[in-house]
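> Okay, here's the structure, questions in a sec.
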Amino acid sequence: MKTTLMAALLLMSANSFADFSQTNLGQDNGTEDKAFNQRNQERLHTGTSEIILTFDDGPTPGVTEKVLDTLKEYGAKATFFVIAEKAKAAPALMQRILDEGHIVGNHSLTHKALNDGNITFLNWKKLVRTEVLGAHEILGPYMANGQHFYYRAPEGAWDSKFADLLNKDSIGQQYIGPILWDIGGELRMNANGAFVEAADWACWSKKITVDDCLSGYLYEARAKKGGVVLMHDLRHQSAEMLAKFIPALQKNGFSFKTLDDVDWAARKK
Ligand SMILES: [Zn+2]
């Protein structure tokens, strides 16, 4: 009798405990497998010989199509961190990104950096909500391919108070981010004049050739043994570089993954 009663009680409490623990995890210590993080998320897949391709600041008619053509040719899936206002202006291109199996991420409404020094005490909450949640209103329908909603902060500008604010919102708490990058963040040469790191936007503004820029990306990918690659579908040179980058990565033994392949729950523990 006593055993039966205990078992019944245990069964009942198992249910309530499961509910309680799930709520508790999300609210108290950030071990939920989603919700905005206090800091940018980086070193997602380094050391694994796996590459996660990400393209920021598009969609750009005339450039994004070329990026998509190359991805299709090699069967690689990428994440497009788009600017919502640009997405709104190019619905057919957004539909193509979705139809071809890529993930769409939120890269803000207008690409305003959230920490640019102009945020006053009075309006930062409004700005964060507009740039992140306002962007989601446009991008939500295009985010169907991903297992989570992903966010990347313009210029990586972030503050823990932004995470606290957004995690109180029912949409915000379904996001993972901000997602930083491991490869493609800056342009750097070694003492011999070889590019050991490269960033596409910096390459093109400094009139560096596609091949030289590519050598920096490849060097960094090999040095870090993989990770999240940052490129921009803004200029034709980036699309040209991608057409050489993917086969070069394959030749170097890299395979392609997406943000959905990251074990988010494990990372937060
Ligand atoms: Zn950007």
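> Could you tell me, in Å, what Rg and Dmax come out for the Cα atoms of the stretch 44-264?
17.0, 53
> Turning to a different aspect of this structure: Amide H of Ala157: which non-local residues (sequence gap of 5 or more, or other chain) have their own amide H closer than 5 Å, using H built in the peptide plane?
Placed amide hydrogens put Leu114 under 5 Å from Ala157.
> Taking 7 Å along the Cα-to-C-beta vector as the label spot, tell me the Thr209-Thr48 distance in nanometres, rounded to one decimal.
It works out to 3.5 nm between the two label points.
> With a 10 Å Cβ neighbour count serving as the proxy for reagent exposure, in which order, fewest first, do Asp200, Asp263 appear?
Starting with the residue having the fewest Cβ neighbours, the order is Asp263, Asp200.
> Test of understanding: ordering Met189, Met143 by Cβ neighbours within 10 Å, fewest first, what list do you get?
Numbers: Met189 13, Met143 17.
Going from least to most buried by this count: Met189, Met143.
> How do Arg267, Arg222 rank when sorted from fewest to most other Cβ atoms within 10 Å of their own Cβ?
On the way: Arg267 13, Arg222 16.
So the ranking, lowest neighbour count to highest, is Arg267, Arg222.
> Pull up all non-local amide H partners of His148: gap of 5 or more, or a different chain, and H-to-H distance under 5 Å with H placed in the peptide plane.
Amide H neighbours of His148: none.
> Considering only Leu98, Phe162, Asn252, whose Cα is most displaced toward the positive end of the charge dipole of the stretch 44-264, charges sitting on Cβ of Lys, Arg (+1) and Asp, Glu (-1)?
Result: Phe162, furthest along the dipole toward the positive end.
> Sticking with this structure for a sec: If Lys and Arg each add +1 and Asp and Glu each add -1, what is the summed charge of the other residues whose beta carbon sits under 10 Å from the beta carbon of Leu214?
Residues near Leu214 contribute -3 overall.
> Just list whichever of Lys88/Lys244; Lys77/Lys244; Lys72/Lys251 have alpha carbons separated by over 26 Å in the model shown.
Lys88/Lys244
> If you don't mind, there's one more thing I want to ask. Can you give the local net charge around Gln250? Use residues other than it whose beta-carbon is closer than 14 angstrom to its beta-carbon, Lys and Arg +1, Asp and Glu -1.
Values: positive: Arg222, Lys244, Lys251, Lys257; negative: Glu50, Glu73.
Local net charge: +2.
> Mind giving me the nanometre distance, one decimal, between the label points for Lys88 and Lys161, set 7 Å out from Cα along Cα→Cβ?
So the two model labels end up 2.7 nm from each other.
> Residue by residue through the stretch 92-98, what is 3J(HN,Hα) from phi via Karplus (6.51 cos²θ - 1.76 cosθ + 1.60, θ = phi - 60°)? Round to whole Hz and write x for glycine and proline.
Couplings: 5, 5, 4, 5, 5, 4, 5 Hz.
> If the label point is 7 Å along Cα→Cβ of Met189, which residues in the stretch 210-252 have backbone nitrogen under 18 Å from it?
210-220
> Further question on the same structure: Would you mind getting me the FRET efficiency between Lys112 and Gln173? Use the beta-carbon distance for r and R0 = 22 Å, nearest 0.05.
Details: r = 23 Å, r/R0 = 1.03.
Working from the Cβ atoms, E equals 0.45.
> Okay, next question. Taking amide H atoms as placed 1.01 Å from N in the peptide plane, list the residues 5 or more away in sequence, or in a different chain, whose amide H sits under 5 Å from that of Gly58.
Here Ile83, Asp233 satisfy the definition.
> In whole Å, largest first, what are the principal axis extents of the Cα atoms in the stretch 34-156?
Principal extents (largest minus smallest coordinate, Cα): 49, 38, 23 Å.
> Below 13 Å, Cα to Cα, which aspartates and glutamates can Lys225 reach? Residues fewer than 8 away in the same chain don't count.
Glu50, Asp182
Read the figures in this text as sums done on the coordinates, not as results from a lab. If you're wondering where the values come from, they're calculated on a predicted model, not measured in any experiment. No Cβ is skipped: glycine too gets one built from the backbone with ideal geometry, and neighbour counts run over all protein chains shown.
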